[in-house]
There are 2 protein chains.
Amino acid sequence: MIDKEFALSCPLPVTHHKTVVLGHGSGGRLTSQLIHDLFLPAFDNPTLRKLDDQAVLEMDGARIAFTTDSFVVTPLFFPGGDIGKLAVYGTVNDLAMSGAKPLYLSAAFIMEEGFSIEELTQVTHSMAEAARTAGVAIVTGDTKVVNRGSADKLFITTSGVGLVPAGLSISASNAKPGDVIILSGSIGDHGMAVFSTREGLEFESAIMSDTAPLYALVHAMTQAGEVHVLRDPTRGGLATSLCEISSTSNAGIEVYANSIPVREDVKGACEILGLDPLFVANEGKLVAMVAESSADAVLAAMRRVREGRDSVVIGHVVAEHPAMALLKTEIGGSRILDLPFSEQLPRIC
Amino acid sequence: MIDKEFALSCPLPVTHHKTVVLGHGSGGRLTSQLIHDLFLPAFDNPTLRKLDDQAVLEMDGARIAFTTDSFVVTPLFFPGGDIGKLAVYGTVNDLAMSGAKPLYLSAAFIMEEGFSIEELTQVTHSMAEAARTAGVAIVTGDTKVVNRGSADKLFITTSGVGLVPAGLSISASNAKPGDVIILSGSIGDHGMAVFSTREGLEFESAIMSDTAPLYALVHAMTQAGEVHVLRDPTRGGLATSLCEISSTSNAGIEVYANSIPVREDVKGACEILGLDPLFVANEGKLVAMVAESSADAVLAAMRRVREGRDSVVIGHVVAEHPAMALLKTEIGGSRILDLPFSEQLPRIC
């Protein structure tokens, strides 16, 4: 076992690992190492180096956003959603986080021999409905089947393209001191919905995934004011997104623990399981850094959209402690937020 | 067991299958059923309905080609290539088959816990080299890890975008009677290279995969004359591509068995294994339908490009027997080419 405290202060380079571990897919420190030590040096180019959740490309005068995500969630169906809905909304949201209007998706299916056609049909119809809701068309695809035992039922990889309006420049590298940090609603719902279904845990009320398409919300925000950064805090949760933004922008971040909404049932489930909701995945929320001068207008606009009706200010970008995200606690303390070393909830998306 | 002859003449709808079988990923009849019975009705839109290997989209005045493919080949390394090279060239070639210049790729990795970091590094470097060779940049990606036994080592899904030059309209639906059918070289190399490695078969010479990027060849062709249809005959081989084109274009196709080049070692290996090279996968070949008036110029241009130096005319598009592809044999007979029902070589790409 690697000592966690040691690893946090002095992460091992990926080449010191002989094999892939679950943490390499956590979205946390090990994923970051894999990207920085292996993928970035090999594929090096200025677009990839930005480490946004999507690439924004200039193509024959058009500004095209382009993104991809594989979905390996288990179980395939959970309260509030399924792998199909997740695969559509997840990719739509990665496009929207650049300000792009999502337009077209591809869908590639890897299926295990013996997977139920009935479940495949359900997932397909769920994807179709999600695409209609999000206003995108699934225009190309692929189907592969591997022999029994070589995959777990169904994996879906969606990619997407969208159009970034002229003048918009939204990136994790754009946080500026003074920016107001806004969160669009409660955190931890998706992760706890999937995890409690998988583990057969029963709480007083069923926790529902928050999976939802976020472009309508983003559009309202960019119309209302000056948005610098947008992230949907999926794998690794809100804390991971804040760490990444503070690091990529080389800016200090301060958020206030008592301002971050967590539903009572999610809080209870997290307590029982020893999980921190700050690090639990969301699939229908966004965190934004907005210019101070237009923060009120953006917040008001967000609250008028269904997916943003519970939006709140949770903190500020500061000139102090660049590249560090701090959580201010109720009793006046400060906690440094750091990328989780490995995987607290595997296969959550 | 379903009787093969019965199935060919009267395929069962996909809903009659209770579970996914290997043939659903064959690229043959069962894949086609899955697409026609499930994906097309659910996702229905005019672009998807064209059933090309890529979507061509009008985005803010730019003509964007967009495609995706998952790669599940086993073994990961084989003579002439590996899963990384395949994942780059496969997607680059699907873009090129619309006449598009491939520009940007995404790469999504699904890895099994315990997969070797050394092999991952090899694959990553191979992808990087292939991207440089093909002149594309890998600009966005994703990494997921599933627990041991839930995937077989490594699956890669690449998607790609490229630009279609103004005036070009190349589609499997554009074959016209009179068109000359040109094949860019020998068939069956890739499938037999992977299969013989996997099964530990040794032939006198090692059969090498033909995996190669085809945009340079396509560019030379579109500069030289009027190209109506382009397909890279991957899964399902040349015969499957010809069947699909004749069906999508509602045109008759006639090809001459003795004009289709097959390397001696590939022919020998196919004979030993009871396989038909017409149905074996290629990863660096294309078949084209070209206007009769410019066929000589296109053929000459192809032969000047390395990937097309062995190009030959193999047949013609005819006004007779629409939607049917015929193979004319040496002794004057005719054989109807039909989609393979199921999978002759699973996990070949």
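Taking (1) open to solvent by 30 Å² or more (accessible area, probe 1.4 Å); (2) within 12 Å of another protein chain (Cβ to nearest Cβ); (3) within 16 Å of A:Arg347 (Cβ to Cβ); (4) not charged (D, E, K, R) in turn, A:Thr121 satisfies each apart from (3). All of B:Leu57, B:Leu38 fail the test of being part of a strand (DSSP E or B), modelled with pLDDT of 95 or more and surrounded by fewer than 24 Cβ atoms within 10 Å (Cβ to Cβ), apart from B:Leu57. A single entry from B:Ala134, B:Ala107, B:Ala128 fulfils the requirement of being farther than 14 Å from A:Arg347 by Cα, at the interface with another protein chain (Cβ under 7 Å from one of its Cβ atoms) and buried (at least 18 other Cβ atoms within 10 Å of the Cβ): B:Ala128. Pairs linking a residue in the range B:265-276 that is of a type outside the set (Gly, Ala, Ser) to a residue that is surrounded by fewer than 18 Cβ atoms within 10 Å (Cβ to Cβ), with Cβ atoms under 6 Å and 6 or more positions apart or on different chains, are B:Asp265/B:Phe203; B:Asp265/B:Ser205. Among the numbered conditions (1) closer than 17 Å to B:Asn93 by Cα; (2) at pLDDT below 95; (3) of a type in the set (A, V, I, L, M, F, W, C), the only one that B:Val218 does not meet is (2).
Only one entry of B:Ala288, B:Ala295, B:Ala281 meets the criterion of being part of a strand (DSSP E or B) and open to solvent by less than 30 Å² (accessible area, probe 1.4 Å), and that entry is B:Ala288. Pairs meeting the criteria (first residue in the range B:26-37 and among the acidic types (Asp, Glu), second residue open to solvent by 10 Å² or more (accessible area, probe 1.4 Å), beta carbons under 8 Å, at least 6 apart or on different chains) are B:Asp37/B:Pro13; B:Asp37/B:Thr15.
Can we say A:Asp69 is modelled with pLDDT of 95 or more, within 29 Å of B:Leu34 (Cα to Cα) and open to solvent by 10 Å² or more (accessible area, probe 1.4 Å)? Quick ask: steps written out before the conclusion?
On the way: modelled with pLDDT of 95 or more: yes; within 29 Å of B:Leu34 (Cα to Cα): yes; open to solvent by 10 Å² or more (accessible area, probe 1.4 Å): yes.
For A:Asp69, the condition - modelled with pLDDT of 95 or more, within 29 Å of B:Leu34 (Cα to Cα) and open to solvent by 10 Å² or more (accessible area, probe 1.4 Å) - is met.
The number of residues in the range B:181-194 that are surrounded by 24 or more Cβ atoms within 10 Å (Cβ to Cβ) and either among the hydrophobic types (A, V, I, L, M, F, W, C) or closer than 15 Å to B:Thr240 by Cα (or both) comes to 8.
Would you please name the residue that is surrounded by the most Cβ atoms within 10 Å (Cβ to Cβ), looking only at residues in the range A:1-20 that are within 11 Å of chain B (Cβ to nearest Cβ) and modelled with pLDDT under 90? Break it down stepwise before answering.
Step one: of the range A:1-20, the residues within 11 Å of chain B (Cβ to nearest Cβ) are A:13-20.
The next check asks that each one be modelled with pLDDT under 90; those that pass are A:13-17.
Working: A:Pro13: 10, A:Val14: 21, A:Thr15: 12, A:His16: 11, A:His17: 19.
Per the criteria, the residue is A:Val14.
Select from the range B:300-349 the residues that are surrounded by fewer than 21 Cβ atoms within 10 Å (Cβ to Cβ) and on the phi > 0 side of the Ramachandran plot and write down the one among them that is nearest to the chain's Cα centre (by Cα). Among residues in the range B:300-349 that are surrounded by fewer than 21 Cβ atoms within 10 Å (Cβ to Cβ) and on the phi > 0 side of the Ramachandran plot, the one nearest to the chain's Cα centre (by Cα) is B:Ala323. Selection of strands (runs of 3 or more DSSP E) fully inside the range B:67-174 by the criterion of at least 2 residues being touching a residue at least 60 places away in the same chain (Cβ under 8 Å) returns B:101-112, B:154-163. Take B:Ile83 and tell me if it is outside the structural domain of B:Glu199 (by TED's automatic domain parsing), farther than 28 Å from B:Ile207 by Cβ, modelled with pLDDT of 95 or more and β-branched (Val, Ile, Thr). Criteria not met by B:Ile83. Among the residues of the range A:223-238, which ones are open to solvent by less than 30 Å² (accessible area, probe 1.4 Å) and part of a helix (DSSP H, G or I)? Result: A:Gly237, A:Leu238. Considering (1) facing chain A (nearest Cβ under 10 Å); (2) touching a Leu at 6+ places or on another chain (Cβ under 8 Å); (3) open to solvent by less than 10 Å² (accessible area, probe 1.4 Å); (4) part of a strand (DSSP E or B), the lone condition that B:Gly23 does not fulfil carries the number (4). Among the residues making up the range A:310-340, those that are polar (S, T, N, Q) and not in a strand (DSSP E or B) are A:Ser311, A:Thr329. Considering the range A:239-275, the residues that are at pLDDT 95 or above and in a loop (DSSP other than H, G, I, E, B) include one that is surrounded by the most Cβ atoms within 10 Å (Cβ to Cβ), namely A:Ala251.
The values are calculated or read from the model by the stated rules, or taken from the named source; none is laboratory data. Everything numeric in this text was worked out from a predicted model, so none of it was measured. Ideal geometry is used to build each Cβ from the backbone, glycine not excepted, and the neighbour counts take in all protein chains shown. Only protein heavy atoms, including side chains, enter the accessible area calculation; ligands, DNA and RNA are left aside. Shrake-Rupley method; radii C 1.70, N 1.55, O 1.52, S 1.80 Å.
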